[in-house]
Amino acid sequence: MSKTRVPAVLVLADGKTFPGFAFGAAEDGDGTAVFGEAVFTTAMTGYQETMTDPSYHRQIVVATAPQIGNTGWNDEDNESHDNRIWVAGLVIRDLAKRVSNWRAERSLEDEMKAQNITGIYGVDTRTLVRHLRNYGSIAAGIFTGEHALEDVDSLVARVNEQPSMKGADLAADVSTSETYVLPAEGEVKYRVVAYDMGIKSATPAHFAKRGIETIVVPANTPVEEIESHDPDGVFISNGPGDPATADAMVEATRGIIERGIPLFGICFGNQILGRAFGLDTYKLKFGHRGVNVPVKNHLTGKIDITSQNHGFALSAPEGVSAKDIADGNGRFETDFGPAVITHTCLNDGVVEGVALENGKAYSVQYHPESAAGPHDANPLFDQFVGLMDEHQAHKRNAENN
């Protein structure tokens, strides 16, 4: 932490301001000005995984944990393919004065400086999070140095000039521009094509442990090109932005389902699959961000504590009530046969999973790769392997007959 404290202020689009001190990029000189949507995460750990998660693109993240930076920074826990920090800015109460973890290679602030990421500490984050819970996620800006001393009205005006997250098509910003392959560990059992909507590194690592070779392709890759890889399954990853803008991905997803290729999606992938089934999406008031979100599987009755990061969600099918879903009757019709609402969030009833009744396509709103977070949902990867097992057995039977 710098010996000389540089003034900073977080400014919300509604005029609320939260003073503090700058850390990370450009603490000295004229200061910095960064913009994004102010959101909060309830995770008590995993700030490195959060900051490198491409799903946080164009968002200023507020940490509810009272002290950040204790475990420093290492090169193993980055979740972006290129090790990039994707958050627009970081807002915290206290910055740890020293690193106290044997895996740390440098401090959080050192990495933020290296990647030109601005943070503000000393903020009353309890008051800030209560405000975001009451009034919703909102456009914001972090201003440091000389910028922090400008007239508040002019700062609010600058914050309000930024584009809205609603209607934002951001997948192309974070997706790979070229296809690349991540090998399986040991003998290759299956080949999966993964759409990179903002994929986290832990996901192909889970596939690799299960003998799966992962071919990562750019967002919006046409289904015909997917077929050229002769995949045993297709995965649609997490990612940022408004799912209502993902028309190309919805069409590709429909093509995958029509071809009978096993399909698994998470987070943004859940919203895309839901749209392919004919469901609508909407923006949540303040979203789900953290590693302690309870979700119920209405097919099994099992409850998982999950890691989540999303500001948009699927609407329930027309004519299907919350009671219907809770009773396990969340069935609805699609162009591909009957489907079902499989999961909901126990905090607020938000739809957290959909699937075709024949099992060939399914998705969840949360993050089973557990980076960071609990491992409750890891078996979803095994479910995908089981689905590919069934698909291959069916193909062999068809060939033999």
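The values are calculated or read from the model by the stated rules, or taken from the named source; none is laboratory data. Every value quoted in this text rests on a predicted model; they were computed, and no experiment measured them. Methodologically, a virtual Cβ is constructed for each residue, glycine included, from the backbone with ideal geometry; neighbour enumeration extends over all protein chains shown. Quick note on the areas: whole protein, heavy atoms, side chains included, nothing else; ligands and nucleic acids left out. Shrake-Rupley method; radii C 1.70, N 1.55, O 1.52, S 1.80 Å.
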note = Residue pairs qualifying under the 8 Å Cβ cut-off, at least six apart or on distinct chains, with the first in segment 354-365 being of a type in the set (A, V, I, L, M) and the second being modelled with pLDDT under 95, are Val364/Ala377
Members of segment 339-349 that are open to solvent by less than 10 Å² (accessible area, probe 1.4 Å) and among the aliphatic types (A, V, I, L, M) = Ala339, Ile341
query = Quick check, is Leu273 under 13 Å from Gly353 (Cα atoms) and open to solvent by 20 Å² or more (accessible area, probe 1.4 Å)?
reply = no
inquiry  = Residue under question is Asn397, and the condition is that it be modelled with pLDDT under 95, part of a helix (DSSP H, G or I) and open to solvent by 60 Å² or more (accessible area, probe 1.4 Å); does it hold?
reply    = yes
Output for segment 119-148, where each listed residue is farther than 23 Å from Arg58 by Cβ and part of a helix (DSSP H, G or I) = Arg126, Thr127, Arg130, Glu146
ask   = Being more than 21 Å from Glu352 (Cα to Cα) and either open to solvent by 50 Å² or more (accessible area, probe 1.4 Å) or among the acidic types (Asp, Glu) (or both), is that true of even one residue in segment 298-312?
value = no
note = Those residues of segment 356-380 that are under 17 Å from Gly255 (Cα atoms), surrounded by fewer than 23 Cβ atoms within 10 Å (Cβ to Cβ) and of a type in the set (A, V, I, L, M, F, W, C) come to a total of 1
message = Checking Ala184 against (1) more than 29 Å from Asp30 (Cβ to Cβ); (2) open to solvent by less than 50 Å² (accessible area, probe 1.4 Å); (3) within 19 Å of the chain's Cα centre (by Cα), only one condition comes out false. Which one?
response = (3)
message = Against the condition out of contact with any Pro (no Cβ under 9 Å at 6 or more places or on another chain), of a type in the set (Gly, Ala, Ser) and open to solvent by 50 Å² or more (accessible area, probe 1.4 Å), how does Ser164 come out, does it pass?
response = yes
message = Restricting to segment 104-118, count the residues that are in a loop (DSSP other than H, G, I, E, B) and not hydrophobic (A, V, I, L, M, F, W, C).
response = 4
ask   = Which condition breaks for Asn83 when tested against (1) over 20 Å from the mean Cα position of the chain (by Cα); (2) part of a loop (DSSP other than H, G, I, E, B); (3) over 27 Å from Lys166 (Cβ atoms)?
value = (1)
message = Can you list the strands (runs of 3 or more DSSP E) lying wholly within segment 3-62 that have 1 or more residues being buried (at least 19 other Cβ atoms within 10 Å of the Cβ) and not hydrophobic (A, V, I, L, M, F, W, C)?
response = 17-24, 33-41
